[in-house]
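What follows is a short report on a single structure.
Read-outs throughout are calculated quantities, based only on the coordinates presented, and are distinct from any laboratory measurement. Quick caveat: nothing in here was measured; it's all calculated off a predicted structure. Positions of Cβ are generated from backbone atoms using ideal geometry, with glycine treated the same way; all protein chains shown enter the neighbour counts.
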Amino acid sequence: MRVVEEPLAGGVICVEVEGRLDAATVPVLEKALQHLLADAQYHLIVDMNAVSYVSSSGLRALLAARRQARSWGGDVYLCQLSARVREILEMVGFLSVFGVYATREEARGAFPQSASIV
């Protein structure tokens, strides 16, 4: 499991995740997301291009981060889902919960322009 944070234009942070999101690895992602949220970074994109699997604990971590970001006027968007991860998210109804985008650029553009002021 590898997590890399990358600042994007407009005050948006992209969190690139690699590997499996399961009970053993989710704490790494949770720590990264909680660190960003604690630093008042509420406009986050999780790039899941290199994620091969998401367990229920991974789904809970993403949902918890989204709830917290939204409570401060932000959001957490997902992008570049593999076919397998998209299937998992669709099965549990998360495709209608999260903003899901094909690319980082599309996800970044989905944030309100005022995101750069926050």
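Sorted by packing (mean other beta-carbon atoms within 10 Å per residue), highest first, where do 4-14, 46-56 land?
With the highest mean Cβ count within 10 Å placed first, the list reads 46-56, 4-14.
DSSP loop (so not H, G, I, E, B), at most 15 other Cβ within 10 Å: list which chymotrypsin sites (Phe, Trp or Tyr not before Pro) in the stretch 54-113 pass both filters.
TRP72
If you fit an axis through the alpha-carbon atoms of helix 26-38 and take the longest principal axis of the Cα set of the chain, what angle between them do you get, 0 to 90°, nearest 10?
Approximately 10 degrees, to the nearest 10.
If I model a spin label as a point 7 Å beyond the Cα along the Cα-Cβ vector, how far apart are those points for GLU5 and ALA50 in nm?
Result: 1.8 nm between the two label points.
What is the stretch 2-110 by shape, rounded, prolate or oblate, if you read a ≥ b ≥ c off the alpha carbon gyration tensor as root eigenvalues and call it rounded for a/c under 1.5, prolate for a/b larger than b/c, and oblate otherwise?
Rounded, because the longest to shortest axis ratio a/c is under 1.5.
Counting helices only, and only those DSSP H runs with n ≥ 4, report the 222 nm mean residue ellipticity of the chain as the sum of -39,500 (n - 2.57) divided by its residues, in deg cm²/dmol to the nearest 500.
-11500 deg cm²/dmol, from helical runs alone.
Measuring from label point to label point, each 7 Å out along Cα→Cβ, what is the ARG20 to LEU63 span in nm?
2.2 nm
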